[in-house]
Amino acid sequence: MCRKYEITMKVDFSKLTAAESYRWLACTVTPRPIAWVSTRSNAGVNNLAPFSFFQIICDKPATLMVNIAAHENGKLKDTLNNIRDNGELAIQLVSASLAGQMNESSASLSPEISEFEHASIVGIPSALIKPLRVRDSPVSFECRLAQIIPYPPEKPRWYTVYADVLLAHIDDQVLDIEGRVDPRRLDVLGRLAGNDFCRTQEVLELIRPL
């Protein structure tokens, strides 16, 4: 069916505030995977927070990216401070069964309060780094900081964290008979916009043309 007239909304980002721009981007670039990032402060507090600006950057070296915004007042978030101070982080995927606890861990807490304790999340020791891992996460990546890039350079509001993956922990229950991760068994959350999320339950398989 041909459309004779163009009937589309146009959003001029040059005229938007940062908050308005964020809302339009966040509701259109979806679904976004969630990085549940655990870190440890210099005082020994175990921090845990979710971020949905998250992606793979490189396969060799295996590198993940998490983009962390500063608070509206310009203050850096505890997660970013801990990564800067100690150079280590664990990145967990969030299964649907952990949705409530993940959401609870997004609360704005004082640096001396651990989200593990606040949200009754079971943390276990990592093998190679100091930050705890989320015991019930289907996939955890133990990572070391590669670099942090402030953006935009002239007045940073976001900080892109590049993290080299040292070790991955993958729950056997999400693997198929060939030892590969089955997205249906993985059943992880994706971020949409506002309070909306989605699950990896309905999977569409497409075979790439040769």
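The values are calculated or read from the model by the stated rules, or taken from the named source; none is laboratory data. A quick note: this is a predicted structure, and the numbers were derived from the prediction, not measured. For neighbour counting, all protein chains shown are included, and Cβ atoms are generated from backbone atoms with ideal geometry for every residue, glycine included.
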### Query
Can you find even one residue in segment 70-84 that is out of contact with any helix residue (DSSP H, G or I) (no Cβ under 6 Å at 6 or more places or on another chain), of a type outside the set (A, V, I, L, M), within 21 Å of Ala26 (Cα to Cα) and part of a strand (DSSP E or B)?
no
### Summary
Checked segment 121-147 for anything over 27 Å from Glu104 (Cβ atoms), assigned to a strand (DSSP E or B) and either touching a Cys at 6+ places or on another chain (Cβ under 9 Å) or of a type in the set (A, V, I, L, M) (or both); matches are Ala146
### Of all residues in segment 1-24 being among the polar types (S, T, N, Q) and either at pLDDT 95 or above or not in a loop (DSSP other than H, G, I, E, B) (or both), the one that is surrounded by the fewest Cβ atoms within 10 Å (Cβ to Cβ)
Ser14
### Summary
Within segment 25-43, the residues that are closer than 19 Å to Phe197 by Cβ, among the polar types (S, T, N, Q) and not in a helix (DSSP H, G or I) are Thr30
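Residue-wise test of (1) under 15 Å from the mean Cα position of the chain (by Cα); (2) of a type in the set (Phe, Trp, Tyr); (3) crowded, with 21+ Cβ neighbours inside 10 Å.
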| site | (1), (2), (3) |
| --- | --- |
| Ala26 | yes, no, no |
| Thr30 | yes, no, no |
| Asn47 | yes, no, yes |
| Phe51 | yes, yes, yes |
| Lys60 | no, no, no |
| His71 | no, no, no |
| Lys75 | no, no, no |
| Asn86 | no, no, no |
| Ala90 | yes, no, yes |
### Query
Any idea how many residues of segment 92-127 are of a type in the set (S, T, N, Q), buried (at least 18 other Cβ atoms within 10 Å of the Cβ) and farther than 18 Å from Ile170 by Cβ?
3
#### Entry: Selected residue [among the small types (Gly, Ala, Ser), touching a Ser or Thr at 6+ places or on another chain (Cβ under 6 Å) and touching a residue at least 60 places away in the same chain (Cβ under 8 Å)] from Ala49, Ala69
Ala49
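So that you can scan it fast, the table gives a plain yes or no per residue for (1) in contact (Cβ under 8 Å) with a residue 40 or more places away in the chain; (2) closer than 21 Å to Ile56 by Cα:
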residue	(1), (2)
Pro111	yes, no
Val122	no, no
Arg133	yes, yes
Leu145	yes, yes
Ile149	no, yes
Val165	yes, yes
Val174	no, yes
Leu189	yes, yes
### Summary
Restricting segment 153-176 to residues that are touching a strand residue (DSSP E or B) at 6+ places or on another chain (Cβ under 8 Å) and of a type outside the set (A, V, I, L, M, F, W, C), the one surrounded by the most Cβ atoms within 10 Å (Cβ to Cβ) turns out to be Tyr159
### Query
So is Tyr151 among the aromatic types (Phe, Trp, Tyr), in contact with a Ser or Thr (Cβ under 8 Å, 6 or more places away or on another chain) and under 22 Å from Ile129 (Cβ atoms) or not?
no
